[in-house]
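Every number in this text was worked out from the coordinates using simple rules, so none of it is lab data. Everything numeric here is computed off the predicted structure, so don't read it as measured data. Cβ atoms come from the backbone with ideal geometry, glycine included; neighbour counts cover every protein chain shown.
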Amino acid sequence: MASEMRLRVEQVEQQMAGVEGKTLEEVLGVSEVFASGSLHDEVYILDDVGGKRIAIAPAALKQRFKPPASI
């Protein structure tokens, strides 16, 4: 069973503001961030999903901190 941690969106926004140039994945310490249309104020971090640490974040948060497309 995966262990879970919850962060308020405001906490994540503060963390992102302090580390210019880093991705949401790097700041949260996860291999991937999945977007959820039903989440609005919290980010869930799951420690063992298929052997990986992942996050589930509100879709708007993930979109806001999406890295720029490579050319």
Based on the alpha-carbon gyration tensor of region 4-64 and its eigenvalue square roots a ≥ b ≥ c, which shape applies: rounded if a/c is under 1.5, prolate if not and a/b is larger than b/c, or oblate?
oblate
Hey, rough spin-label estimate for Gln11 and Ala60, points 7 angstrom out along Cα→Cβ, what's it come to in nanometres?
2.0
Could you line up Lys52, Lys62 from fewest to most neighbouring Cβ atoms inside 10 Å?
Lys52, Lys62
Tell me, in nm to one decimal, what length is gained between Asp47 and Ser3 on full extension, where the rule is 0.36 nm per residue of separation less the Cα-Cα distance?
15.3 nm
Roughly what % antiparallel, to the nearest 5, for the DSSP beta bridges in region 4-64?
65
Through the Karplus equation 6.51 cos²θ - 1.76 cosθ + 1.60, θ set to phi - 60°, convert the phi angles of region 8-17 into ³J(HN,Hα) values in whole Hz; use x for Gly and Pro.
5, 4, 4, 5, 5, 4, 5, 4, 5, 5
Under a point-charge model restricted to the Cβ atoms of Lys and Arg (+1) and Asp and Glu (-1), what is the dipole moment magnitude of the chain relative to its Cα centre, in debye to the nearest 20?
160
Helix-only mean residue ellipticity at 222 nm, the chain, DSSP H runs n ≥ 4 weighted -39,500 (n - 2.57), per residue, nearest 500. What is it?
-7000 deg cm²/dmol
